[in-house]
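Below: one structure, written as structure tokens.
The values are calculated or read from the model by the stated rules, or taken from the named source; none is laboratory data. Keep in mind that what you see is a predicted model, and the values were worked out from it rather than measured. As a convention, Cβ positions derive from the backbone with ideal geometry for all residues, glycine included, and neighbour counts pool all protein chains shown. What goes into the accessible areas is simple: the full protein's heavy atoms, side chains included, and nothing from ligands, DNA or RNA. Shrake-Rupley method; radii C 1.70, N 1.55, O 1.52, S 1.80 Å.
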Amino acid sequence: TLISNAQNSAPELDVLIESGQAKIELGDFEGAIKVLSDALKLDSESLKAIYYRGLAKYRKGDDNGAIIDLTNSIKISPNNSDLYNQRGIARFNVKNYLGAIDDQNKAIELSPDNINAIYSRGKAKHFLGALEEAMLDYNIAIANSEMEAYNSRGLLKRDLDDYEGAIDDFNNAI
């Protein structure tokens with residue numbers, strides 16, 4: 001019956017997901033994608049399996065594949081700020097800066113203290129040439145100890161010909 005099959009597959013599903021997570025940690029992204037795809041054959045709507053497969057694709061450099069899995073994750077869990085943030089980062093990587101900003105805005109709407117989303121939105125704004133808006137996001141990220149934002153703000157200051165400010169930020173990033 002469906003109920004007994006679901007009960008029997010739950011432990012196997014958990015083992016496959018945990019195996020996929022471990023493979024990601026070990027850098028075996030292809031292996032993780034395979035194991036997590038097998039998990040999805042047992043439960044096509046397993047948020048963990050879809051998310052971690054998307055993460056494996058992202059870490060492997062398959063941003064378009066990651067975007068597909070993260071979009072499916074968002075369909076299952078539409079109020080999860082981290083999913084929008086992750087998809088926004090993948091969209092940034094494929095140079096879909098407006099899509100990245102849309103995702104980061106949604107992540108921030110759902111979780112206003114999501115500093116990573118604020119920082120990532122700043123990067124997308126920077127690449128679109130919205131320099132003043134990017135600076136605001138970088139400043140918020142830096143005020144909340146997002147050290148990587150120092151480097152990005154240094155690059156922005158360099159673009160604005162503020163070389164002394166850029167050097168200060170680069171030194172803080174080190």
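Projecting the Cα atoms of Leu110, Ser44, Ala56 onto the dipole axis of the chain, where Lys and Arg carry +1 and Asp and Glu carry -1 at the beta carbon, places Ser44 farthest toward the positive end.
Take every Cα pair under 8 Å whose residues are at least 6 apart in sequence, average their separation, divide by the length of the chain, and the relative contact order is 11 percent. Rounded, prolate or oblate: pick one for the range 115-167, where a ≥ b ≥ c are the square roots of the eigenvalues of its C-alpha gyration tensor, a/c under 1.5 means rounded, and failing that, prolate if a/b is larger than b/c, else oblate. Verdict is oblate for the range 115-167. Distance between the C-alpha centers of the range 31-66 and the range 94-155? Whole Å please. Between the Cα centre of the range 31-66 and that of the range 94-155, the gap is 26 Å.
How large, in percent, is the carbon and sulfur part of the accessible surface of the chain at a probe radius of 1.4 Å?
So the carbon and sulfur contribution to the accessible surface is 50 percent.
When the dipole is taken about the Cα centre of the chain, and only Lys, Arg (+1) and Asp, Glu (-1) are charged at their Cβ, what size is it in debye, to the nearest 20?
On the way: 19 positive and 28 negative charges, 107 e Å.
Charge dipole, the chain, about its Cα centre: 520 debye, nearest 20.
Rolled with a 1.4 Å probe across the full set of protein chains, the surface gives Ile140 an accessible area near 70 Å². Convex hull volume of the Cα atoms of the chain, normalised per residue: 116 Å³.
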